[in-house]
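Take a look at the structure set out below.
The values are calculated or read from the model by the stated rules, or taken from the named source; none is laboratory data. From a predicted model like this one, the values you see are computed outputs, not experimental measurements. Note that each Cβ is placed from the backbone with ideal geometry, even for glycine, and that neighbours are counted across all protein chains shown. Surface areas here come from the heavy atoms of the whole protein model, side chains and all, with no ligands, DNA or RNA. Shrake-Rupley method; radii C 1.70, N 1.55, O 1.52, S 1.80 Å.
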Amino acid sequence: MKTNEIDFNNYFKTYPDSKGYFGKYGGSYISPELQVAMDEIAEAYQTICKSRRFISELRRIRKEFQGRPTPISHFERLSDRIGTGVQLYGKREDLNHTGAHKLNHCMGEVLLASFMGKKKVIAETGAGQHGVALATAAAYFGMECDIYMGAVDIRKQAPNVARMKILGAKVIEVTDGLATLKEAVDAAFAAYSREYKDAIYCIGSVVGPHPFPMIVRDFQAVVGFEAREQFIGMTGELPDALVACVGGGSNSIGLFAGFLNDPVDIYGIEPLGRGSRMGDHAASLTYGEEGVMHGFNSIMLKDENGNPAPVYSVASGLDYPSSGPEHAFLRDIGRVKYDVVTDEETVDAFFELSRMEGVIPAIESAHAVAYAIKLARTMGKGSILINLSGRGDKDMDFIIEKYGIR
Ligand SMILES: *Cc1c(COP(=O)(O)O)cnc(C)c1O
């Protein structure tokens, strides 16, 4: 299928289908026990998300607790410096409570859990960003929160571990294997299959088995719907291009969701890290092939044995060997173009946006900034809207230590 064969007027009703497929990608490849739990969530979501009480409660929370709508900023000094006449804008998810877009789906997921009568939320975390967002949402709703984290990551991410504990979450140390994210995922899934009657599993991006890629997309779509209205309000027209970074793919799909039916070029940017050799990057949609991992079918980076390949990026939020199934689909039909930037280009953009605009971006978001700057140099005129998925406070020490002040 190609872009012009898709009915974007009914896109959200058509994709995913009732089994969770976006074309051939997505679905649910899990044990029968877990499937029972996923079916329960999918069924509950279908009714609850349409109820007036759920919709109005989510709206109220976004406004009164999260601080939505987040603004769009016109990056005039940066645009002037590029000098081609192209105007850059940023959707400021860094100003969302907790400093990143992840709270958008965590508040939605925990609200859903409370409507389902659950008492506990369970998740794994690697760098700790998802754990902190979920612990925040759990505290807001007075829910128990168990976060599984590898022992190695616990040592590396002390501030986020402290945040989760202050917020009342239980951080459960996982010591199996390499004691990092993969083992934490396994431990969290195992706990969930034991506890699913009282608990709900909360995924951190548009990945995992159905219904998560759909649920997380729907909750993140607020970013794109807000941005479309705001951008037209500010400029009287649509942006010519959108740029967002892609790890699992939640912040990008959120922005893109508002513009799929518009004449807007859309770019998803993956981390090229140190280069194109296996193990030096995490550009799954650019270099990967079709496969199943973590319960869903998508494009993934595989090693010689067909297992998930080792990945690397300066941004710990982007070093995942696959991306959400909807991205694989949007790539195949040609609606979104996926491209890469290196660590070096990203670090330059991190300093550039900080100096020119007074906005220190998350190192993940700096990938989108780096690409937007390159795109602006080739475009000649027009406008680019960047998703600033988060703020860079968490990255400052590491960047200065590794790269120095630029
Ligand atoms: C986690 C994270 C990302 C990557 O996740 P996606 O699901 O691809 O959006 C990007 N930016 C920030 C600030 C993050 O915390």
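Residue count for the range 62-77 satisfying the condition of being farther than 15 Å from Gly224 by Cβ and open to solvent by less than 50 Å² (accessible area, probe 1.4 Å): 4.
Within the range 236-257, track down each residue that is away from the ligand (no atom under 15 Å from the Cβ), among the small types (Gly, Ala, Ser) and touching an Asp or Glu at 6+ places or on another chain (Cβ under 8 Å). Within the range 236-257, Ala241 is the sole residue that qualifies.
If you check Val369, Val359 for being β-branched (Val, Ile, Thr), in contact with a Leu (Cβ under 9 Å, 6 or more places away or on another chain) and not in a helix (DSSP H, G or I), only one passes: Val359.
Evaluate the range 253-269: report whether one residue or more is over 26 Å from Arg391 (Cα atoms) and acidic (Asp, Glu). The answer is yes; a qualifying residue exists.
Looking across the range 18-56, the residues that are of a type outside the set (S, T, N, Q), under 23 Å from Lys197 (Cα atoms) and either in contact with a Ser or Thr (Cβ under 8 Å, 6 or more places away or on another chain) or not assigned by TED's automatic domain parsing to the domain that holds Gly117 (or both) come down to Lys19, Gly20, Glu33, Leu34, Ala37, Met38.
The set of residues from the range 85-135 being within 13 Å of the ligand (Cβ to nearest atom) and of a type in the set (Ser, Thr, Tyr) comprises Thr98, Thr125.
Within the span defined as the range 271-285, every residue fails to be surrounded by 24 or more Cβ atoms within 10 Å (Cβ to Cβ), more than 21 Å from the chain's Cα centre (by Cα) and modelled with pLDDT of 95 or more.
Residues of the range 296-328 that are within 13 Å of Gly26 (Cβ to Cβ) and away from the ligand (no atom under 16 Å from the Cβ): Asn297 alone. For the range 205-222, the condition holds for at least one residue, the condition being that it is crowded, with 22+ Cβ neighbours inside 10 Å and of a type in the set (Lys, Arg). Every condition in (1) open to solvent by less than 50 Å² (accessible area, probe 1.4 Å); (2) part of a helix (DSSP H, G or I); (3) out of contact with any strand residue (DSSP E or B) (no Cβ under 7 Å at 6 or more places or on another chain) is met by Glu43 except one, and the failing one is (1). Going by the structure shown, is Ile384 open to solvent by 20 Å² or more (accessible area, probe 1.4 Å) and not in a helix (DSSP H, G or I)? Taking the combined requirement at face value, the residue does not satisfy it.
Confirm whether Asp319 is at pLDDT below 95, more than 21 Å from Ser79 (Cα to Cα) and part of a helix (DSSP H, G or I). Answer is no for this residue. Scan the range 229-267 for residues that are open to solvent by 50 Å² or more (accessible area, probe 1.4 Å) and not in a loop (DSSP other than H, G, I, E, B) and jot them down. Glu229, Ile232, Gly233, Met234, Asp265, listed by residue number. Test Ala282 against the criterion of being closer than 17 Å to Ile72 by Cα and outside the structural domain of Lys24 (by TED's automatic domain parsing), and give yes or no. Considered against the rule, which asks whether it is closer than 17 Å to Ile72 by Cα and outside the structural domain of Lys24 (by TED's automatic domain parsing), Ala282 comes out as no. Of the residues making up the range 338-368, those that are within 16 Å of the chain's Cα centre (by Cα), buried (at least 24 other Cβ atoms within 10 Å of the Cβ) and within 14 Å of Val243 (Cβ to Cβ) are Pro361, Glu364, Ser365, Ala366, His367, Ala368. Any residue at all in the range 92-104 that is part of a strand (DSSP E or B), in contact with a Leu (Cβ under 9 Å, 6 or more places away or on another chain) and surrounded by 14 or more Cβ atoms within 10 Å (Cβ to Cβ)? Yes: one or more hits.
Residues in the range 288-314 that are under 28 Å from Lys19 (Cβ atoms), surrounded by fewer than 17 Cβ atoms within 10 Å (Cβ to Cβ) and modelled with pLDDT under 95: Gly306, Asn307.
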